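Have a look at the structure below, then the notes.
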C-alpha cells in the first residue's frame with residue numbers, strides 16, 4: 001500500500017497546482033479500483049455515483065476499448081445516456097472552460 005499512498009500524495013500535490021479536473025482509477029478489477037482519485041466537485045461525484053454513470057460514461061467506455069487521445073466531440077455520438085449533457089446540467093462549473101475544449105487523453109492500457 002506504500003505505492004498507493006505515494007501515488008495519492010503526488011496526485012494531491014498536482015491538484016493543488018493545477019485547475020484540471022479528473023478522475024483516475026488504478027488497478028481496476030470488477031469496477032473497483034485499488035486507488036480512485038477524483039478532483040471533481042463533491043456534488044458531481046455524488047450525482048455521478050448515484051446514477052451509476054461510470055457504466056455508461058462514453059469517456060470511460062472509450063478508455064477501456066482504446067488507447068491514446070480522443071476529442072470530446074468524438075464522444076458525443078456515442079453518448080447514449082446523455083452523460084455529457086448531465087455534466088452541463090448537474091455540474092456547470094465543469095462544463096465551462098477546459099472541460100470540453102481540446103483533446104481528451106484516455107489510456108486504460110499499459
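The values are calculated or read from the model by the stated rules, or taken from the named source; none is laboratory data. On a predicted model such as this, the values are computed, not experimentally measured, just so you know. When we count neighbours, we look across all protein chains shown, and the Cβ atoms used for this are built from the backbone with ideal geometry, even at glycine.
For the reader, a short list of remarks on this structure follows.
- Among the residues making up region 58-75, those that are in contact (Cβ under 8 Å) with a residue 12 or more places away in the chain, in contact with a helix residue (DSSP H, G or I) (Cβ under 9 Å, 6 or more places away or on another chain) and more than 15 Å from residue 25 (Cα to Cα) are 58, 70, 72, 74, 75.
- Where helices (runs of 4 or more DSSP H) fall wholly inside region 1-66, the ranges with 3 or more residues that are modelled with pLDDT of 75 or more, surrounded by 13 or more Cβ atoms within 10 Å (Cβ to Cβ) and assigned by TED's automatic domain parsing to the domain that holds residue 80 are 42-50, 58-65.
- Restricting 94, 84 to those that are at pLDDT 80 or above and part of a helix (DSSP H, G or I) reduces the list to 84.
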